[in-house]
1. Taking the Cβ-Cβ separation of A:Thr16 and B:Lys474 as r and a Förster radius of 45 Å, what is the calculated FRET efficiency to the nearest 0.05?
2. In what sequence do B:Ile314, B:Ile135, B:Ile455, B:Ile725 fall when counting other Cβ within 10 Å, fewest first?
3. Would you be so kind as to identify which of B:Val633, B:Thr592, B:Ile653 lies farthest towards the positive end of the dipole of region B:582-688, taking Lys and Arg as +1 and Asp and Glu as -1 on Cβ and the Cα centre as origin?
4. Calculate, in whole percent, how much of the Cα-Cα pair population of region A:23-111 lies beyond 21 Å.
5. As I understand it, the dipole of region A:2-86 uses +1 on the Cβ of Lys and Arg and -1 on the Cβ of Asp and Glu, about the Cα centre. Which of A:Gly44, A:Gly86, A:Val27 lies farthest toward its positive end?
6. Work out from phi, with θ = phi - 60° and the Karplus expression 6.51 cos²θ - 1.76 cosθ + 1.60, the ³J(HN,Hα) of each residue of region B:316-333, listed in order in whole Hz, and give x for Gly and Pro.
7. Any idea what the relative contact order of region A:10-84 is, in percent, if you count C-alpha pairs under 8 Å spaced at least 6 apart?
8. How large is the dipole of the protein assembly as shown about the Cα centre if only Lys and Arg carry +1 and Asp and Glu carry -1, each at its Cβ, rounded to the nearest 20 debye?
Amino acid sequence: MLQERVGQATVTVHVTVNGVPRPVTTVPNRTALELLREDLALTGAKEGCGTGDCGACTIVVDGRPVNGCLLLAPMLDGKTVLTVEGVARGGKLHPVQQAMVEMGGLQCGFCTPGFVVTAVNYLEQHPNPTEDEIRVAIAGNLCRCTGYSKIVDALLEAAKRMREGEGR
Amino acid sequence: MTELKVVGKPLPRIEGPEKVTGQTVYAADMQLPGMLHAKVLRCPYPHALIKRIDTSKAKAYPGVVAVVTAEDLPPADRDPSVRPHAVLVEGEAIFEGQAVAAVAAETAYIAEEALDLIEVEYEELPAVLDPEEAIKPGSPFTRRPLEEIDLSEIEGHVTVDISAADDAEAHRRSPNISNRLHFVRGNVEKGFEEADIIVEGRFDSKMAHQAYLEPQACVAHYDATGKLTIWTPTQGQFHQRNDIARILGLPHEKINLVGTEVGGGFGAKVAPLIQPLTALLSMKSGRPVKLVLTRREDLMNSVPAPRGIVQAKIGATKDGRLTAFKGRVIFDSGAFPAGTPVGATMMMAACYKFDHLDVEGIEVLTNKCGAGAYRAPGMPEVTFAIEQLVDEVCRQGGFDPIELRKKNVCREGDLMPNGRPWPKIGLYECLEALEQSELWQTRHQAKNGGKPRGIGVAIGAWPGGMQPASAMVKMNENGTIKVVVGSNDISGVNTSFNMIAAEELGVPMHMVTTITADTDTAPYAGLAAGSKTLYSGGKAVQAAAQDARRQIIAIASRELDANPEDLVIEDGVVFVPGTDKSISFQRIAGLTMGFGSRYAPVVGRGGEVIRNQAPGTTAQAVEVEVDPETGNVTVTRVAAAQDVGKAINRLSIIGQLEGGVTQCLGMGLTEEMIFDERGRMRNPVFLDYRLLTALDVPRIEAIIVEVPSPEGPFGARIAGEPSIIAASAAIANALRDATGLRFYEAPMTPERVLRRLREAGKAVRQPVALGEAAL
């Protein structure tokens with residue numbers, strides 16, 4: 001049966017997660033999201049749909065935001081991954097996280113890790129975005145609670161703080 | 001009242017840092033030692049009898065630990081007519097996707113593979129899919145005739161007086177009707193005779209899904225002592241425990257319900273759904289079991305909002321007085337009753353002072369996924385009808401839409417359709433606030449060139465719920481304060497509780513933390529539904545904090561040798577103004593918790609029963625732009641005023657307002673569960689069941705109106721639900737403004753809008769460029 005075959009065939013994925021090399025021996029039909037959540041117990045990225053529509057599983061792979069649910073685990077081999085767990089450093093929230101908290105950019109919190117990761121990646125590359133540009137950048141992330149404006153406000157504020165040197 | 005130091009400010013959520021770092025543990029994130037993973041086998045027919053099930057091959061499959069069917073359910077007082085109790089199909093399946101069997105295995109993959117090894121023989125029965133056909137004589141039955149339907153949960157969810165309803169007649173009707181309410185006032189035909197303007201129409205709001213981002217999830221562990229622990233996102237952990245005790249025949253004290261963080265609920269995480277099944281698998285296997293629905297399963301098999309079809313007629317005099325309303329709403333509730341007519345029937349006609357009215361609400365069962373509660377259940381559907389009719393009266397009579405509503409809306413003392421007077425409400429004040437909004441003040445600037453633009457107005461009201469609640473406020477060893485509640489936080493309410501306790505105790509926010517404890521340890525609270533958690537639970541927290549304060553003052557009074565009345569608390573210090581007599585909370589903690597301490601520890605208790613509703617009301621305006629070439633509707637501006645009595649936390653209130661409005665914009669623009677001729681949902685993925693994105697939702701001008709409620713904490717009234725009521729109707733009215741056409745179906749997708757524009761000859765590039773073949 002399939003599972004037995006899969007169970008016998010394992011693959012070692014050499015991936016660097018949040019700055020730390022993490023070789024993982026796993027089954028090859030896992031998604032990147034499952035590798036992170038189940039093999040590495042990094043449960044910050046969420047599975048909201050499993051079909052790449054909601055963005056709750058967003059991770060950054062080699063500098064690009066991707067849906068972890070659409071990537072097979074072996075495709076992470078040799079890659080560098082940033083997850084929400086790696087955003088805050090030294091016990092201090094990233095300006096994106098700080099602004100999301102302060103300005104009501106989160107409610108139930110389930111989509112929040114995806115927004116944080118998407119936004120951190122975007123703002124590092126686009127330090128001076130307009131509101132419209134931010135809306136395009138987060139259009140792949142669904143939120144059911146906020147209506148988005150508070151998230152947009154938070155990201156505009158975060159961009160400002162990052163420009164003023166609070167970023168890392 | 002003295003000046004408020006904490007209450008009324010916009011404060012961030014206390015759990016925010018946990019959420020932005022990904023540390024918050026949702027049920028699907030949990031791992032327990034020895035935990036198994038579950039998958040569910042679902043019925044492939046909308047209506048069928050199960051003739052035979054053989055699970056032997058699945059049970060023998062390596063890695064499978066337990067397989068359950070209805071035969072494995074313990075003897076218990078289950079009522080299969082309600083969704084939570086229909087754990088597994090017992091003989092008759094009544095919607096496609098109903099759970100027939102479930103597997104718990106070492107991995108989710110193994111469980112899924114084992115599903116294919118379960119053999120089921122079905123006998124397909126005629127399916128009932130169209131609610132309007134279902135109530136006609138001779139229609140097949142959705143299921144074999146039922147006994148009485150248990151409405152206890154529904155009545156707990158929304159408290160309206162249904163004594164005025166002549167629902168006895170329902171029992172003489174088709175068994176496909178699960179609920180019927182009827183309210184009459186005056187003589188509606190006479191009311192229409194008095195009218196100079198009469199408009200009517202049939203309006204159809206399609207089934208929508210709460211589409212919380214966190215799919216339904218549960219972890220259950222039935223241990224060797226016979227104790228069942230359930231971790232699940234729930235809006236009402238005591239409510240769920242009570243239900244699960246009955247469903248599985250277990251005593252309440254042997255169940256601990258641990259409400260995990262709710263990744264969006266909006267009504268769909270109130271009643272048990274997958275929890276009893278997960279528990280059953282754990283009872284069978286003796287190991288912890290996790291069941292997480294896929295998005296597809298969740299969209300197809302949870303508890304969405306019903307479809308609402310309204311036939312209604314309204315009359316008005318030529319000077320703008322609404323005289324009569326006659327309306328009937330049919331809710332397609334799918335396979336199980338959801339109780340939607342209980343609130344929505346009365347509220348359909350409740351905002352206006354009609355001398356004559358006749359409103360009827362019918363809940364019809366069909367062989368589709370059973371409906372449940374979705375934020376102000378039924379209200380967007382009925383409001384889509386009545387607010388368009390009121391708008392049409394304005395069009396035909398030449399009335400300003402806000403002025404006409406101000407002239408006709410109910411105020412305190414006016415009668416609701418059930419004959420009871422409205423308590424103090426702020427509907428009129430919401431209209432005044434909307435009138436002052438930037439959107440309304442600049443409405444005439446909107447129409448300058450380009451695509452057609454229009455503005456529409458709609459209003460709504462929701463009575464909200466009531467339920468007793470209790471809370472505990474205790475002092476920690478260092479003088480800080482812990483608030484313990486049993487309600488589940490779905491809205492940021494624990495932050496508001498924190499603020500209430502800080503305010504009452506005279507301490508800064510950072511000295512207080514509020515937690516939701518599990519059902520084993522928390523004081524009782526009702527369900528987080530009907531927008532009542534802050535209204536009722538906040539009152540209990542306030543009382544518990546006042547109780548703790550009295551204890552603190554009593555200790556300080558003896559320690560400082562001062563009269564209790566002379567003592568003041570500020571920033572966690574008790575003092576006598578104008579003297580150097582003072583004692584800190586930290587010192588008091590030391591005096592109450594050490595060896596040989598002289599005083600009892602500070603533990604405040606609050607239990608409250610509120611017996612009057614504090615309805616919430618809203619008035620909203622939406623501006624749209626229509627693309628006459630594609631039929632696409634863009635919402636360009638929104639203003640939404642809501643009376644919340646008192647905004648305990650302004651940031652939280654604005655969040656509730658913007659979120660609710662956005663959900664109803666979705667109902668108006670894109671969100672629709674589409675069913676095929678077999679009752680199967682055709683679009684169970686987020687690509688096709690389309691939620692609005694950051695590109696679709698404009699900034700919302702959220703306006704807080706504060707008409708205090710007599711009983712709520714600091715005058716607060718309900719807040720969560722009213723925001724969702726009005727926007728789909730406002731979009732339709734804005735489309736009428738922009739195009740001159742009425743839109744009778746929601747959502748107003750590009751296809752529907754373009755078709756309507758073409759019928760009226762108002763589409764640009766009529767089927768020339770695309771050609772007829774494109775349609």
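Bear in mind these aren't lab numbers, they're just calculated from the coordinates by the rules spelled out. Keep in mind it's a predicted model, so treat the numbers as computed, not measured. Here the Cβ positions follow ideal geometry from the backbone for every residue, glycine too, while neighbour counts run over all protein chains shown.
1. Efficiency, rounded to the nearest 0.05: 0.45.
2. On the way: B:Ile314 29, B:Ile135 18, B:Ile455 23, B:Ile725 35.
Listed from fewest to most nearby Cβ atoms, that is B:Ile135, B:Ile455, B:Ile314, B:Ile725.
3. Towards the positive end, the residue furthest out is B:Thr592.
4. 32
5. The residue sitting farthest along the positive end of the dipole is A:Gly86.
6. Whole-Hz 3J(HN,Hα) from phi for region B:316-333: 8, 7, 6, 9, x, 9, 6, 9, 8, 9, 10, x, 9, 10, 10, 9, 7, 8.
7. Computed over region A:10-84, the figure is 39 percent.
8. Values: 97 positive and 117 negative charges, 149 e Å.
Using only the charged Cβ atoms, the result is roughly 720 debye.
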